[in-house]
Amino acid sequence: MNVSHRFAALASTGVALTMAVTSQVFVLADAATASVAAGKQTQQAVHPLAGAAVSTQSASANKALATKNRIYRTGRLTDVNCSPGALPSGSTSAYKRFLTRVTNCLNKAWGAQFRKARLPFSKPRLRIITRKVNTPCGRWSTGADGYYCSSNRTMYMLITKKQLRQPFPLGIARLMAHEYGHHVQQTSKIWSYYWTARNSAGRSQRLALSRRSELQAECFSGAFMSTLRDGSQFSDQQWDYTVDWFRKNGAKAWPQNDHGRGPTQAAWMTRGYNSGAPGSCNTWAASARSTT
Ligand SMILES: [Zn+2]
């Protein structure tokens with residue numbers, strides 16, 4: 001989740017070429033820094049579901065929640081005519097408005113998808129912060145710009161001084177859509193399998209499960225971003241730059257391979273973006289090779 005944060009920051013630096021200079025992984029909204037990765041591990045360690053006592057048997061029974069979830073059979077995401085508007089630099093209120101509008105778009109688009117799947121849906125809470133806070137899922141990850149905590153179903157979006165100075169709307173939207181992707185996983189119960197399976201997994205298996213979860217959130221993000229592609233929010237060039245940035249830098253911030261290699265991240269982003277449909281984001285049924 002946190003990788004996406006850095007990306008946003010980078011994106012916010014303005015135009016694609018200038019982004020390369022930025023140290024932040026966030027590119028589009030936020031990429032990921034090492035500190036972010038460390039924070040994320042902390043978060044997962046204290047995840048409430050992770051601590052639940054669940055038998056191995058129920059873990060295997062739950063697997064269909066991830067591999068055959070009804071959300072995969074809902075076709076393309078609805079184009080909700082999302083237009084969060086411009087994001088001028090230096091205005092916290094404009095920044096907050098942008099985050100709120102993107103969240104509203106995500107609520108509409110995914111709400112329709114859950115209706116199609118006949119799955120119960122609830123919106124996440126959005127908490128916009130200007131300094132790091134503790135969450136029920138643990139301490140704020142150092143370096144993270146966004147965070148989803150499933151135990152209170154809250155997306156935390158951090159407005160940093162740097163992003164405020166040079167907001168990159170594409171990157172910020174991409175990050176929010178990634179965090180929202182985790183909310184989709186939580187609400188559709190895909191995460192019921194994930195957190196249960198983690199409980200009985202060894203270290204390398206835990207990393208593999210984390211990659212499937214993160215790559216799916218990134219693919220869900222790409223599917224949402226595709227609904228914005230014909231608007232005035234960003235250009236094809238900016239999108240291509242973003243994907244390329246992740247290909248080269250997406251894994252750099254993480255000390256362990258819990259998000260997938262850069263090319264793998266880029267592949268799932270692109271997959272979601274090209275299809276526009278959550279059905280293309282079934283990382284749980286994908287080969288181990290395509291989720292490395
Ligand atoms: Zn994530």
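The values are calculated or read from the model by the stated rules, or taken from the named source; none is laboratory data. Note that the structure is predicted; figures quoted are calculated from it, not measured. Neighbour counts run over all protein chains shown; Cβ positions are idealised from the backbone, glycine included.
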Residues located in the range 190-213, provided they are free of Cβ contacts under 8 Å to residues at least 40 places away in the same chain and out of contact with any helix residue (DSSP H, G or I) (no Cβ under 9 Å at 6 or more places or on another chain) = G202, R203, S204
Could you tell me which residue of the range 221-271 is farthest from G146 (Cα to Cα), considering only residues that are basic (K, R) and at pLDDT 95 or above?
-> R271
Some residue of the range 247-257 being among the aliphatic types (A, V, I, L, M) and either without any contact (Cβ under 8 Å) to a residue 60 or more places away in the chain or crowded, with 22+ Cβ neighbours inside 10 Å (or both) = yes
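Residue-wise test of (1) touching a residue at least 12 places away in the same chain (Cβ under 8 Å); (2) under 15 Å from Q186 (Cα atoms); (3) among the acidic types (D, E).
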| site | (1), (2), (3) |
| --- | --- |
| P124 | yes, yes, no |
| T130 | yes, no, no |
| N134 | no, no, no |
| C137 | yes, yes, no |
| G146 | yes, no, no |
| C149 | yes, yes, no |
| T154 | yes, yes, no |
Within the range 140-162, residues being surrounded by 24 or more Cβ atoms within 10 Å (Cβ to Cβ) and either within 16 Å of T242 (Cα to Cα) or charged (D, E, K, R) (or both) number 1
All positions within the range 66-90 that are outside any loop (DSSP other than H, G, I, E, B), closer than 16 Å to A223 by Cβ and of a type in the set (A, V, I, L, M, F, W, C) = I71
All but one of (1) among the hydrophobic types (A, V, I, L, M, F, W, C); (2) part of a loop (DSSP other than H, G, I, E, B); (3) away from the ligand (no atom under 16 Å from the Cβ) hold for W239, so report the exception by its number.
-> (2)
Meets criteria (modelled with pLDDT of 95 or more and of a type in the set (A, V, I, L, M, F, W, C)) for A117 | yes
If you check G272, G260, which single one turns out to be out of contact with any Leu (no Cβ under 8 Å at 6 or more places or on another chain), surrounded by 23 or more Cβ atoms within 10 Å (Cβ to Cβ) and within 30 Å of S192 (Cβ to Cβ)?
-> G272
Filter result for Q216 (over 15 Å from the mean Cα position of the chain (by Cα) and in contact (Cβ under 8 Å) with a residue 60 or more places away in the chain) = no
